[in-house]
Amino acid sequence: MRRTLSRLAGAAVVLVIALAAPAAGADGDEGFTIKDPRITESSGLAASRAHPGIYWTHNDSDDGAYLYAVDSATGETVATVTMTGVGAPRDIEAISIGPDDDLYVGDIGDNLGGTWNHVWIYKLPEPKELKDQTIRATQYVVKYADGPRDAEALMVHPKTGRVYIADKKDEGGHLYEGPAELSASGTNVFRSIAPVDIQVTDGAFSPDGKQLALRAYFGGHAYAWNGGKIKEQGRLSVPLQRQGESVTYTADGSKLMFGSEGTQSPVNAEDVPGGGSSDSKSPSGGGSSSGTDSGGEGMDSDVRVGALVVAVVLGGVWGLRRLRRRG
């Protein structure tokens with residue numbers, strides 16, 4: 001009897017552990033690990049629309065003018081793009097994709113506390129074929145209307161093509177809007193349009209352009225987007241990461257992908273506050289019906305049921321042993 005009861009208790013504990021563990025995803029949109037040993041400081045992330053399942057990333061600081069196409073199904077780099085025509089990058093911090101599938105790269109970091117007189121944005125066509133290649137980029141000079149600052153988030157609106165930057169400040173900063181069209185021959189002045197009350201490390205627009213996500217190291221916010229006016233919709237379920245510095249929506253808008261710096265860095269998938277964009281499709285069951293908490297309400301319910309099972313079984317074990325001692 002004692003052996004049987006112990007087995008029942010052990011099985012109940014195993015059940016709770018199994019229920020608490022997140023289910024393995026059917027594809028890379030459920031998360032993956034960047035395996036390329038060259039990518040040690042992944043600081044930006046953008047989901048390709050031309051190549052399903054591919055995510056573009058890069059190192060920050062002065063690693064060089066390189067972009068990496070990572071296959072979310074395997075975590076392996078399938079193409080390396082070397083940008084030309086951009087000089088020597090200083091501190092690449094962000095990447096985004098415009099409405100024409102052009103890649104926008106933000107050389108906008110300024111770890112010296114905002115002392116650079118200007119920063120740069122690079123624009124290049126996303127390659128139609130995923131292979132190692134060199135692509136010439138257009139370089140744009142950027143200044144802020146209220147003076148230099150450090151920034152790590154660059155977002156291109158998927159419908160208008162307008163570029164936005166969020167600066168990075170401990171006490172919270174601002175969202176900056178660029179001109180309607182960037183000029184390669186002059187200086188592009190970005191002007192503050194809204195305060196942001198978090199230390200922004202990256203941001204992204206939803207594929208339909210109706211939502212803006214801004215992340216920090218340990219949190220973030222989703223905002224409803226109305227032509228540059230933002231209204232908070234909810235908090236992001238940001239995973240605990242080594243140094244969380246990137247975020248992007250999946251190509252269908254059903255998930256948010258959060259990346260981190262470091263070797264073998266993870267990219268974690270989380271639900272989108274408000275249920276995702278209107279363009280969302282969930283071919284792999286990757287919808288957002290389980291809420292904004294990591295793991296979802298369904299998992300929490302299963303864990304509660306499992307915990308109840310453990311309590312009942314262990315209570316029965318304790319009660320029967322007590323009866324046997326009395327007998």
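The values are calculated or read from the model by the stated rules, or taken from the named source; none is laboratory data. Model, not experiment: these values are computed from the prediction. Glycine gets a Cβ as well: all are built from the backbone with ideal geometry, and neighbour counts include every protein chain shown.
Details
- Meets criteria (assigned to a loop (DSSP other than H, G, I, E, B), over 19 Å from the mean Cα position of the chain (by Cα) and among the β-branched types (Val, Ile, Thr)) for VAL78: no
- Qualifying residues in region 115-143 (those that are touching a residue at least 60 places away in the same chain (Cβ under 8 Å) and within 23 Å of the chain's Cα centre (by Cα)) - the one surrounded by the most Cβ atoms within 10 Å (Cβ to Cβ): ILE121
- Hits in region 227-249 - residues which are within 15 Å of VAL200 (Cα to Cα), of a type in the set (A, V, I, L, M) and part of a loop (DSSP other than H, G, I, E, B): LEU236, VAL238
- Filter pass, GLY31 being under 23 Å from GLY253 (Cα atoms) and at pLDDT 95 or above: no
- The one condition in (1) farther than 22 Å from THR77 by Cβ; (2) modelled with pLDDT under 90 that ILE230 fails to fulfil: (2)
- Taking the listed residues TYR122, TYR104, the one that is assigned by TED's automatic domain parsing to the domain that holds GLU181, under 27 Å from GLY172 (Cβ atoms) and either in a strand (DSSP E or B) or touching a helix residue (DSSP H, G or I) at 6+ places or on another chain (Cβ under 8 Å) (or both) is TYR104, with no other qualifying.
- Among all residues of region 80-102, there is none that is loosely packed, with under 15 Cβ neighbours inside 10 Å, among the acidic types (Asp, Glu) and at pLDDT below 85.
- Boolean, ALA224 is among the small types (Gly, Ala, Ser), touching a strand residue (DSSP E or B) at 6+ places or on another chain (Cβ under 6 Å), assigned by TED's automatic domain parsing to the domain that holds THR40 and assigned to a loop (DSSP other than H, G, I, E, B): no
- Check on GLY286, modelled with pLDDT of 95 or more and not in a strand (DSSP E or B): no
- Every listed requirement among (1) in a strand (DSSP E or B); (2) closer than 25 Å to PHE258 by Cβ is met by GLY209 save one, (1).
- Condition check for LEU240: touching a residue at least 12 places away in the same chain (Cβ under 8 Å) and under 26 Å from ALA194 (Cβ atoms): no
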